[in-house]
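As structure tokens, the structure follows; a few thoughts come after it.
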Amino acid sequence: MAANRFYFITLIALVILLGYLSYQILQPFLFPIAWAIVLSIVFYPLYVFILRLARWKSIASLITLVIILLIIFGPFSYISYILVNELRDISRYVDAGKLEEIKNSIHHPSIQTVLNKIIAALNITEAELDKTIVDGISRLGKEIISKISSRLGDMVTVFLNFVLMAFSIFFILKDGPDFLNKIGDYMPFSKEQKGRLKIQIRDIIVSTIYGGVAVAIVQGTIAGAGFYFIGISNPVFWGFATSIASFIPLLGASVIWVPATVYLFIQGALLKGVALALIGIFGISLVDNILRPIIIGGKTKMPVLFIFFSILGGIKLFGLIGIIMGPLVLAIFISVIEIFRSVEGGLNTS
């Protein structure tokens, strides 16, 4: 009995040690692997469709990978070009002479009443308020430019991560299902419990990935079209930014269109501001309230607070991909806990 216990404890210690070392080995590559997993899940139905036609896993995986890369390269090449132009505009705008235009916008009649109340409440002069706002905008613009410029030196790392991501996608699509089946053989669950876990994971994927991506695409499209018809420059770029912002819990796409609306009001473009506000309320945000519940259907059954912190923690751990990976990991963890609870309940009743 003592020998069996020593063997069991030694085996657990060995598994923990090897698991920790395995994590340390893979840790530098978690970012491209995480992106590869998410993109493989999103495009897996396409891979299955191509596999029915090609019949060879390697060929189907390669064709799917090429399609994914084309979809990524197209929009992101354009977005990168627009972003460089925007940074140039910011660098010109933070010049002291250009910032004088901000002062004229600040004292537009439409917001002068509000500014007068702020001046009275803070007990400062109008010149001090002007200097505070202009200096703040100047510092913010210079800080953004400096941080993005410092990231340009990481282009080699970005390229390597992209290559590793593409390499991982190919093999995840090709060998992923067989690998998951082998993992299932080692899981200490009954066939019924494995089936329940598979259904729960599928529901989580549908809600967190397919649901989130679908809502992001629709919101980004509506926002881009709205920005275009209103006359805001670079509508594709801001539509893409709206799609990314739609993953932010509680705030969502309003992070983009609300400041844009305020900016239009400050500039005195009241009609455009009202039009964008209507598009934002009854178009962009309404889509989130209607489409997301239809797609998700309450399948995750996680409180909003849990989702909020899982996204923040996921971003800290994985970067941008944490917007999806955070809720996904937490939801799978909760599903496994529920299975253990049902197993414990069955043991107690027996």
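Could you tell me which residue of the range 234-262 is farthest from GLY74 (Cα to Cα), considering only residues that are exposed (fewer than 15 other Cβ atoms within 10 Å of the Cβ) and at pLDDT below 80?
LEU250
Mind checking which residues of the range 305-337 are more than 20 Å from SER243 (Cα to Cα) and touching a residue at least 24 places away in the same chain (Cβ under 8 Å)?
Passing the criteria: PHE306, LEU330, ALA331, ILE332, ILE334, SER335, VAL336.
For residues in the range 13-40 being under 16 Å from the mean Cα position of the chain (by Cα) and aromatic (Phe, Trp, Tyr), which is farthest from LEU65 (Cα to Cα)?
Once the filter is applied, the top-ranked residue is PHE31.
Under 6 Å between Cβ atoms, which residue pairs at least 6 apart in sequence (or on different chains) link something in the range 210-238 that is in contact (Cβ under 8 Å) with a residue 24 or more places away in the chain with a partner that is among the polar types (S, T, N, Q)?
Here the result reads VAL215/SER246; ALA216/SER243; ALA216/SER246; GLN219/THR242; GLN219/SER246; GLY220/THR242; GLY220/SER243; ALA223/THR242, each pair linking the range 210-238 to a residue that is among the polar types (S, T, N, Q).
Starting from residues that are more than 9 Å from the chain's Cα centre (by Cα) and hydrophobic (A, V, I, L, M, F, W, C), keep the ones in the range 313-324 and report whichever is modelled with the highest pLDDT.
LEU317
Here is a list: ILE201, ILE244. Which entry is assigned to a helix (DSSP H, G or I) and within 21 Å of ILE71 (Cα to Cα)?
Matching residue, one of ILE201, ILE244: ILE244.
Please find, among SER335, SER285, SER310, the residue that is out of contact with any Gly (no Cβ under 8 Å at 6 or more places or on another chain), among the polar types (S, T, N, Q), modelled with pLDDT of 70 or more and surrounded by 13 or more Cβ atoms within 10 Å (Cβ to Cβ).
Just a single option satisfies the conditions, and that option is SER335.
The values are calculated or read from the model by the stated rules, or taken from the named source; none is laboratory data. Keep in mind that what you see is a predicted model, and the values were worked out from it rather than measured. Here the Cβ is made from the backbone with ideal geometry for all residues, glycine too, and neighbour counts use every protein chain on show.
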